[in-house]
Amino acid sequence: MTFAFSQSSLERREGVDQRLIDISDLAIRLTKVDFGIPGDGGIRTEARQNELYLAGSSKCDGVIKLSNHQTGKALDVYAYVNGASWEPEHLTSVACAMLQAASMLGHKLVWGGHWATFIDMPHFELSE
Ligand SMILES: [Zn+2]
């Protein structure tokens, strides 16, 4: 089974670092679990980041503490298994494909699912 990004996922990904485009393009071909890019999963303005912070969806306020989403160095995903899924087992499967793709392309990618304090399984960011 091979998957492809929907038009809305492609649009939500616009403006992020080219390396994240390349990694996700390869990952969607490698993955065993379909995935997409949610709203706010790509690049964010300072105002939008602050809204997400005030809503409790992010630890970064966008002004003092910047999110990597503001510089295009981060990308969020959701799994798609009979509809959108944020189940850990599905997101872990997507993460395997994302990390494998990054490794194949020679890019350093950090998965939020590996963080010790604030586990953020849909989140990926470039480490340099
Ligand atoms: Zn994120």
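Okay, here's what the table says:
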| quantity | calculated |
| --- | --- |
| Surface/4 of the Cα convex hull for the chain, nm² | 7.6 |
| Solvent-accessible ranking of ARG48, ARG13, largest area first, probe 1.4 Å | ARG48, ARG13 |
| Value of relative contact order over the chain, rounded to a whole percent, pairs C-alpha under 8 Å and six or more apart | 25 |
| Area accessible to solvent at GLU14, 1.4 Å probe radius, in Å² | 120 |
| Counting all C-alpha pairs of the stretch 42-116, share separated by more than 21 Å (%) | 39 |
| The stretch 66-114, relative contact order in percent, only Cα pairs under 8 angstrom and at least six apart counted | 20 |
| Rounded percent of accessible protein surface that carbon and sulfur make up, the stretch 1-62, 1.4 Å probe | 48 |
| Protein-only accessible surface order, largest first, of TRP86, TRP115 at 1.4 Å | TRP86, TRP115 |
| Highest-MSF residue in the chain out of ASP76, ASP22, ASP34 [GNM, Cα springs under 10 Å] | ASP22 |
| Cα shape, the stretch 21-69, gyration tensor, a/c 1.5 rule | prolate |
| SER85 long-range amide H proximity, modeled H, under 5 Å | ALA79, TYR80 |
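The values are calculated or read from the model by the stated rules, or taken from the named source; none is laboratory data. Given the structure is predicted, the values throughout are model-derived calculations rather than measurements. Side chains are part of the model used for accessible areas, which takes the heavy atoms of the whole protein and leaves out ligands, DNA and RNA. Shrake-Rupley method; radii C 1.70, N 1.55, O 1.52, S 1.80 Å.
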